[in-house]
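The structure appears below as structure tokens.
Any read-out appearing in this document is the output of simple, stated calculations on the displayed coordinates, not a laboratory observation. Please read these numbers as outputs of a predicted model, since none were measured by experiment. Note that we place each Cβ from the backbone using ideal geometry, even for glycine, and neighbour counts take in every protein chain shown.
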Amino acid sequence: MILRLSSPAVRWAYLLISAAVAVGLGYFSLRNAWAEHQADPQEAAGLERATKLEPGNAHHWYLLGRYWQYNLEQPDTARAIALYQRALSLEPHAAGIWLDLAESQEAEGELKAAREAFLEARTNYPVSADVAWRYGNFLLRQGETDAAFAEIQRSLAEEPRRAAEAISVCWRAKPDIRVLLDQALPASPQVYLSVIEVFAQQWETDAALAVWRRLAGLRPKLELKQVNILVDALLAKRQVAEAREVWTQALDFAGAPRPGDPAKSLIWDGGFETGVSGGFAWRLQAAQGAQMDFDSEVRHSGNRALRIRFDGKQNPQFENVCQFVAVTPETPYQLEAWMRAKSVTTDRGVYVLVRTPEFPTNPPAMTVDMRETQPWTRLALSWTAGKDVHLAQVCLGRAISQKLDNQISGTVWVDDFTLTPESAPRAASPAASPAEAAAKERP
């Protein structure tokens with residue numbers, strides 16, 4: 001539509017009205033901007049100036065209320081309550097203001113009013129994870145655990161990342177994992193994994209196991225590294241069977257590759273083929289003076305072998321390639337591994353050992369060590385798990401040399417570990433390919 005102005009007088013009137021409107025809008029915009037500039041949440045004076053410049057702006061009253069509620073030097077919750085109520089008179093559906101009002105009223109001992117304010121917040125924002133969380137904590141402080149757990153469960157369903165904090169709060173209120181699983185924790189893999197981590201860190205392994213079994217019922221997709229902390233806690237508490245149960249299930253849930261280990265061997269991935277680490281798989285820890293990697297050219301069988309190269313600058317106590325193995329007490333075992341060496345110096349070479357982490361004072365059993373240049377050589381030893389021994393640890397080792405020329409250099413390759421009960425027939429060594437046979441002959 002085109003507006004036609006019939007006379008100069010009308011046109012001037014129109015221009016004056018437009019200018020007045022523009023000035024008015026500009027004034028209010030500038031006043032609003034200045035009020036926002038004045039509203040420094042760290043300064044009461046600035047906030048008060050903002051409320052005077054914009055008395056109809058609920059946000060300024062709310063910020064001023066928070067200033068007095070959370071003032072570390074001179075908190076004034078009574079004043080904060082009045083300011084929150086002023087803000088709510090302007091913006092009655094603001095759930096965040098209702099929550100801060102409720103907590104201020106609770107601090108002042110006005111528990112009935114606080115409860116009503118929490119309920120107002122929930123009415124205005126029924127799906128808020130923060131509302132459910134803060135109301136649930138209020139109910140916990142009042143000793144109303146069942147209602148509190150229901151709110152916390154609702155909060156975690158919306159915001160799973162709060163699970164670690166939630167289980168710490170709920171466990172203090174009621175240290176009964178069955179109740180918490182049923183009432184406070186939603187059936188969420190993310191929640192369950194976070195809770196397992198908390199319990200594992202606190203050595204509450206029975207509670208962690210209960211959560212794990214609830215998680216396992218969901219058949220989740222996960223990464224093995226998410227489970228290693230629980231396996232390690234169980235091993236530290238000598239719950240070896242439970243650790244093995246968790247590890248076996250985790251392999252399935254993670255879709256981990258399965259190695260082609262010989263039948264009856266208790267070593268997992270004895271040929272270093274999968275790349276899986278932690279748990280009951282190999283654990284490779286960095287060591288000064290030694291570089292570890294995988295060699296697909298020089299190997300005893302399969303696709304690759306583990307290679308350790310010593311740089312000639314250190315005299316290390318090396319036990320940085322290890323694997324935990326669940327064993328049966330008072331059972332004899334046969335350990336076997338294949339090792340190759342090239343130009344390994346010093347009087348202390350590399351060997352394989354078996355020790356008992358449950359009884360660290362027990363001396364380890366060790367094979368002979370490999371030095372100088374040697375072709376692929378079978379290293380073997382017989383070892384019997386003692387009474388009450390349920391866990392063994394198989395490692396590569398090298399002892400510190402006491403000689404003057406003690407800085408080790410050279411390379412060793414290891415492959416095809418097995419640990420089998422002596423009552424079981426020992427698996428035949430994997431046949432070498434022509435390339436592997438040639439590799440054996442090369443120094």
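Okay, here's what the table says:
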quantity: The stretch 32-254 - percent relative contact order, Cα under 8 Å, separation 6 or more; calculated: 9
quantity: Ranked list, fewest to most other Cβ atoms within 10 Å of each Cβ, for Arg355, Arg219, Arg49; calculated: Arg219, Arg49, Arg355
quantity: Amide H contacts of Val350 (H built 1.01 Å from N, under 5 Å, at least 5 apart or other chain); calculated: Met370
quantity: Cysteines in the chain that, by Cβ-Cβ distance, have no pairing candidate under 4.7 Å; calculated: Cys170
quantity: Cβ-based net charge around Arg219, under 13 Å, with every Lys or Arg adding one and every Asp or Glu removing one; calculated: +2
quantity: Karplus-derived 3J(HN,Hα), 6.51/-1.76/1.60, for each residue of the stretch 324-332, Hz, glycine and proline x; calculated: 7, 9, 7, 10, 9, x, 6, 10, x
quantity: Label assignment, Cα extents along the principal axes in Å derived from the structure, set (1) 61, 47, 45; (2) 67, 54, 45; (3) 110, 60, 51; calculated: (3)
quantity: Within the chain: Cβ-based charge dipole about Cα centre, in debye rounded to nearest 20 (Lys, Arg +1; Asp, Glu -1); calculated: 880
quantity: Relative contact order, percent, the chain [alpha-carbon distance under 8 Å, six or more residues apart]; calculated: 10
quantity: Linear extension gain, Glu330 paired with Ser277, 0.36 nm per residue minus alpha-carbon span; calculated: 16.2 nm
quantity: Choice from Trp268, Trp68, Trp133 showing the highest fluctuation, given a GNM over the chain with Cα pairs closer than 10 Å; calculated: Trp68
quantity: Per-residue ³J(HN,Hα) for the stretch 75-88, Karplus 6.51 cos²θ - 1.76 cosθ + 1.60, θ = phi - 60°, Hz, x for Gly and Pro; calculated: x, 9, 5, 5, 5, 4, 4, 4, 5, 4, 5, 5, 4, 6
quantity: Signed unit charges on C-beta, dipole axis of the stretch 32-254, positive-most listed residue Pro160, Leu215, Ala82; calculated: Leu215
quantity: 222 nm mean residue ellipticity, helices alone, for the chain (DSSP H n ≥ 4; -39,500 (n - 2.57); rounded to 500); calculated: -14000 deg cm²/dmol
quantity: Residue order, fewest to most beta carbons within 10 Å, for Arg258, Arg162, Arg307, Arg340; calculated: Arg258, Arg162, Arg307, Arg340
quantity: Unit charges at the beta carbon, dipole of the chain: most positive-side option, Ala107, Ala290, Gln226; calculated: Ala290
quantity: Size of charge dipole - the stretch 32-254 - debye, nearest 20, with Cβ of Lys, Arg +1 and Asp, Glu -1, no other charges; calculated: 680
quantity: Fluctuation leader among Asp416, Asp388, Asp232 - the chain, Gaussian network, Cα springs under 10 angstrom; calculated: Asp388
quantity: Relative exposure of His60, His300, His390, His93, judged by other C-beta atoms within 10 Å (fewest first); calculated: His93, His390, His300, His60
quantity: Hz values of 3J(HN,Hα) by residue in the stretch 116-122 - Karplus curve (6.51, -1.76, 1.60), Gly and Pro given as x; calculated: 4, 5, 4, 5, 5, 4, 5
